[in-house]
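Participant: First the structure, then my questions, so here it is.
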Amino acid sequence: MNNNSQRETIVVGQLSDAFPPIIDGVSSVVENYARMGHAHQGGCFVVTNRHPSSLDKEKPYPVLRIPAIGAGKTFEYRIGLPFGRKIVRNVAALQPDLLHVHSPFAASILGRRLKKHMPVPVVMTYHTKYSIDVIKYLKFRWLSNIACRLIVEQFESADEVWAVSQGAADDLASMGFQGECFIMENGCDLPDGPVGAEHAEQVRQLLGDRPGPVLLFVGRMMWYKNIGLILNALSVLHEQQLPFQMVFVGAGVDAAQIKKRTTELGLDECVHFAGRISDRQLLRAFYSAADLFVFPSAFDTAGIVVQEAAACACPSLLLEGSCAAEHVEDGVNGFLTEETALSVAYNIRRVLADSQALKRVGLEAQRTLYHSWEETADMAWARYQALCRLHEGSSTRRKTRKKKVLKDIWG
């Protein structure tokens, strides 16, 4: 429940390198912070990289774009160029009380520039296991060490650091960050409960009359999501002649290779690729139609998709010890597996054998793992306001400070 009437209204700028039309976990989080902040909490705006396919006019809150260049054919992301005085003036005109930075790259550089002109508190959230990315793309240890140090320095510059899970906080600490992390878990923007008949019919048409329980994966079509592990486990089940239908929802640069590998394993008849689904009601239908959500990712720090599955009472099979499994107890509100194809295959077969247990665990997942973005936004804005009070004091001092900032920037 919102206690907005008892709160002081503040304006928060969300700074991110990922935002629609880029679709990933961070993009979804930023969009929901902005949506909830604009609708219920006071005021909110987004600053992100320019993209040729953006549809910002459809957003109910302001979206400011900074110049950006493409990151090459291998990546969907844009590289922001957070320089120039114009963006500083445009942000200052919106009079933020606090800046929330969601990446240690262009968004963080811009956040540090803005703070020099407007002394407001800055929050940074650690969303992604950058330690894995650094090792993957920078082959030389000395170079990866420098990259990790630069990332840590960005977080050390913030007034407060948030992490989306304890596992994410531990990963940041492994890179050398020695400060405190406040755990602010993400919410889910899907309502809990059954989906409408119209969208359920669309899923049935995709699957046709093929036999077997429905397995589901939702996420970017990238090998680092452990999709290769899923395919190898499905191959084991196929050889054991277990009937099933596997649906992959999502898009990504590895999609073509993943489909090719599916064909090589002889799984074309029981594996379906639905592509990217932007219609949230249709996505709910896929979760609702699935018997088991298969998500053995060791990379993800929070796994919003696990909450989405829980909203539809669909239980998840997760890697034991992964961030996505932090609040999961095997056989109670989810299922756990080791990171081998044989283990994943064994556990899929094990849990599908007991339909009553599947239903019970799915309902318990809905009760214990799901929480809405309204709940998360309430907690986040309470934290924002505490930081603003600590940083600035009374609202009168903030108004005086804003007027002086605007005068200084425009000269």
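Participant: Taking square-rooted eigenvalues a ≥ b ≥ c of the alpha carbon gyration tensor, is the range 315-357 rounded, prolate or oblate, where a/c under 1.5 means rounded and, failing that, a/b exceeding b/c means prolate? Write down the numbers at each step before the final one.
Facilitator: On the way: a/c = 2.97, a/b = 1.14, b/c = 2.60.
Oblate shape, in that a/c is at least 1.5 and b/c is the bigger or equal ratio.
Participant: Next question, about the same structure. In terms of solvent-accessible area of protein heavy atoms at a 1.4 angstrom probe, what is the ranking of LEU363, LEU282, highest value first? Numbers along the way, then the final one.
Facilitator: Values: LEU363 90, LEU282 30 Å².
Largest accessible area first, the list is LEU363, LEU282.
Participant: Compute the distribution of all C-alpha to C-alpha distances in the chain, in bins of 20 Å from 0, and list the percent of pairs in each, rounded to whole numbers.
Facilitator: Result returned by the calculation: 26, 55, 18, 1.
Participant: Further, regarding this structure: Roll a 1.4 Å probe over the protein chains and send me the accessible area per residue for the chain in Å².
Facilitator: Working: 18840 Å² over 411 residues.
Here the residues of the chain average 46 Å² of exposed surface.
Participant: Relative contact order of the chain: what whole-number percent is it, with Cα pairs under 8 angstrom and at least 6 residues apart?
Facilitator: On the way: 753 pairs, mean separation 63.2, N = 411.
Relative contact order, the chain: 15 percent.
Participant: Let me ask something else about it. In bins 5 Å wide, starting from 0, what share of all Cα pairs of the range 84-133 does each bin hold, as a percent?
Facilitator: For the range 84-133, the pair-distance distribution reads 5, 19, 30, 23, 10, 7, 5, 1.
Participant: Please go through the residue pairs LYS59/LYS115; LYS57/LYS86; LYS57/LYS225; LYS59/LYS260 and name each one whose alpha carbons sit more than 28 Å apart in this structure. Kindly include the intermediate steps, with their values, before the conclusion.
Facilitator: Working: LYS59/LYS115 26 Å; LYS57/LYS86 20 Å; LYS57/LYS225 33 Å; LYS59/LYS260 38 Å.
Going by Cα-Cα distance, LYS57/LYS225; LYS59/LYS260 fall outside the 28 Å limit.
Participant: Tally Lys and Arg at +1 and Asp and Glu at -1 over the other residues with C-beta under 15 Å from the C-beta of LEU206: what net charge comes out?
Facilitator: Working: positive: ARG204, ARG210, ARG276, ARG284; negative: GLU198, GLU201, ASP209, ASP268, GLU269, ASP279.
Summing Lys and Arg as +1 and Asp and Glu as -1 gives -2.
Participant: Quick one: divide the alpha-carbon radius of gyration of the range 21-144 by 2.2 N^0.38 Å and tell me what you get.
Facilitator: On the way: Rg = 15.3 Å, N = 124, 2.2 N^0.38 = 13.7 Å.
Cα Rg divided by the expected 2.2 N^0.38 Å: 1.11.
Participant: If you take every residue apart from GLN245 with its C-beta less than 14 Å away from the C-beta of GLN245, what net charge results, scoring Lys and Arg +1 and Asp and Glu -1? Walk me through the numbers before you get to the answer.
Facilitator: Working: positive: ARG204, ARG210; negative: ASP209, ASP268, GLU269, ASP291.
Net charge around GLN245: -2.
Participant: Express the relative contact order of the range 57-106 as a whole percentage, based on alpha carbon pairs under 8 Å and six or more residues apart in sequence. Before the final figure, lay out each step's value.
Facilitator: Values: 29 pairs, mean separation 14.7, N = 50.
For the range 57-106, the relative contact order is 29 percent.
Participant: May I have the convex hull volume per residue, in Å³, for the Cα set of the range 286-391? Spell out each step's value before the answer.
Facilitator: Numbers: hull volume 11.2 nm³, N = 106.
Looking at the range 286-391, the number lands at 105 Å³ per residue.
Participant: A further question follows. What do you get for the angle between helix 25-36 and the principal long axis of the chain? Use alpha-carbon atoms, 0 to 90 degrees, nearest ten.
Facilitator: Here the helix axis deviates by roughly 60 degrees.
Participant: With every protein chain left in place, what is the accessible area of PHE105 in Å² (1.4 Å probe, nearest 10)?
Facilitator: It works out to around 100 Å².
Participant: Same structure again: For the range 180-325, what does the alpha-carbon gyration tensor say about shape, rounded, prolate or oblate, given a ≥ b ≥ c as the root eigenvalues, a/c under 1.5 as rounded, and a/b over b/c as prolate?
Facilitator: Values: a/c = 1.73, a/b = 1.17, b/c = 1.47.
Here the range 180-325 falls in the oblate category.
Participant: Quick one: work out Rg over Rh on the C-alpha atoms of the range 174-239, Rh as Kirkwood radius.
Facilitator: So for the range 174-239, dividing Rg by the Kirkwood Rh gives 1.13.
Participant: What share of the DSSP beta bridges in the chain is antiparallel, in percent to the nearest 5? Show your work: numbers first, answer last.
Facilitator: Values: 3 of 46 bridges.
Among the beta bridges of the chain, antiparallel pairing accounts for roughly 5 percent.
Participant: Related question: Quick one: compute the contact order of the range 25-140, relative version, from alpha carbon pairs under 8 angstrom and 6+ residues apart, as a percent.
Facilitator: Working: 128 pairs, mean separation 20.4, N = 116.
Averaging sequence separation for qualifying contacts and normalising by length gives 18 percent for the range 25-140.
The values are calculated or read from the model by the stated rules, or taken from the named source; none is laboratory data. As the structure is a computational prediction, the values presented were derived from the model and not from experiment. Positions of Cβ are backbone-derived with ideal geometry, glycine not excepted, and every protein chain shown enters the neighbour counts. In case anyone asks, the SASA skips ligands and DNA or RNA and just uses the protein heavy atoms, side chains included. Shrake-Rupley method; radii C 1.70, N 1.55, O 1.52, S 1.80 Å.
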